[in-house]
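Bear in mind these aren't lab numbers, they're just calculated from the coordinates by the rules spelled out. Just so it is clear, the structure is predicted and the values come from calculations on it, not from any experiment. Counting neighbours? That spans all protein chains shown, and the Cβs are built from the backbone with ideal geometry, glycine included.
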Amino acid sequence: MTKRKKVTVTQLKKMLQTGEKIAALTAYDASFSRVIDQQGMDIILVGDSLGMVIQGHNTTVPVSMDDIIYHAKAVANKNESALLMVDLPFMSYTSPEIALRNAARLMQEGNAEMVKLEGGAPQVETVRQLSHHGVPVCAHLGLTPQSVYKLGGYHVQGRGQQAAQQMLIDACDLQEAGADAVILECIPPALAREITTVLEIPTIGIGASVDCDGQILVLHDLIGLTENAPKFSANFMNDAKSIAEAVKNYIEAVKSSQFPQEEHCFL
Ligand code: KIV
């Protein structure tokens, strides 16, 4: 089998130019990492969702730097070609200086090739500093799970003209500061479409419509392991004989714009 070309930030830009959709999925250990990479996933995210699906917490808030580095190392060991994105956990980027220190740990100890952080305007300076120091960054707007207590629950974000306008401004400011991609979680399709049209960096949606430049899901939702799985997810094991086949079908569904469907979105 010929080795797949390594996915890089440059590769993501090319995909955006050619209109090829970006497929992304979370992973937390070496075995899943190998299977997911071998099916041709573009991005593997070591998400702080590990706090919920691996550690059994109700939120991502308890996840520590050491936790995420432990899992990132395991994933990196068996990932050959997917771009390895790793979450900066709750309170690990409260200032640009702290973010730089922790991003360095994710890259040097966890082998991250891109870091992800949640939030809009308050993170613009941090993104600028990370980018300036050579750290690829994915921003995360909309439903930002680390702020679940402040948001009062896992609710759709960006509803109403003012909230939508602010999110569009935040997305543009994060791009200008040097973000390489932005995840849009649980926002109305019309807003996802507008942000995707305006930005020159890829948008990766989760509960944000098929019009984003790519899609991301949590592994445990995709393989049907999650109790009360969110509306935006889909169980790809229903039509697959193996986890590898489920992952492959997900990639194909993203690339052909068959996923997500309207039923996965928040109109
Ligand atoms: O932590 C995570 O898995 C995430 C995805 C839901 C995008 O941030």
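Details
- Gaussian network model of the chain, Cα within-10 Å springs - most flexible of ILE201, ILE98, ILE223: ILE98
- Annotation: the residues MET167, MET91, MET41, sorted from fewest to most other C-beta atoms within 10 Å of their own C-beta, follow the order MET91, MET167, MET41.
- Computed packing ranks the peptides 249-262, 113-126 as 113-126, 249-262, most packed first, by mean other Cβ atoms within 10 Å.
- Selection from VAL156, SER256, LEU174, by position along the positive dipole direction of the chain (Cβ): SER256
- Burial ordering of ASP170, ASP42, ASP48, fewest other beta-carbon atoms within 10 Å first: ASP170, ASP42, ASP48
- Unit charges at the beta carbon, dipole of region 1-160: most positive-side option, VAL35, ALA76, VAL9: VAL9
- Taken about its Cα centre, region 9-264 carries a charge dipole of about 140 debye when Lys and Arg each add +1 at the Cβ and Asp and Glu each add -1 at the Cβ.
- Note on the chain: GNM, Cα springs under 10 Å; of LEU199, LEU225, LEU12, the largest mean-square fluctuation is that of LEU225.
- Region 1-132, relative contact order in percent, only Cα pairs under 8 angstrom and at least six apart counted: 23 percent
- Counted charge near HIS264, where neighbours are those whose Cβ lies closer than 13 Å (Asp, Glu -1; Lys, Arg +1): -4
- Residues LYS14, LYS231, LYS150, LYS78 arranged by fewest to most Cβ contacts within 10 Å: LYS150, LYS14, LYS231, LYS78
- Largest GNM mean-square fluctuation across THR144, THR203, THR26, computed for the chain with C-alpha springs under 10 Å, falls on THR144.
- Shape analysis of region 156-267 places it in the prolate category; the axes a ≥ b ≥ c from the Cα gyration tensor give an a/c of at least 1.5, with a/b above b/c.
- When each of LYS21/LYS248; LYS6/LYS248; LYS14/LYS231; LYS78/LYS116 is checked by Cα-Cα distance, pairs over 25 Å: LYS14/LYS231
- In terms of its alpha-carbon gyration tensor, the chain comes out rounded; the largest-to-smallest axis ratio a/c stays below the 1.5 threshold.
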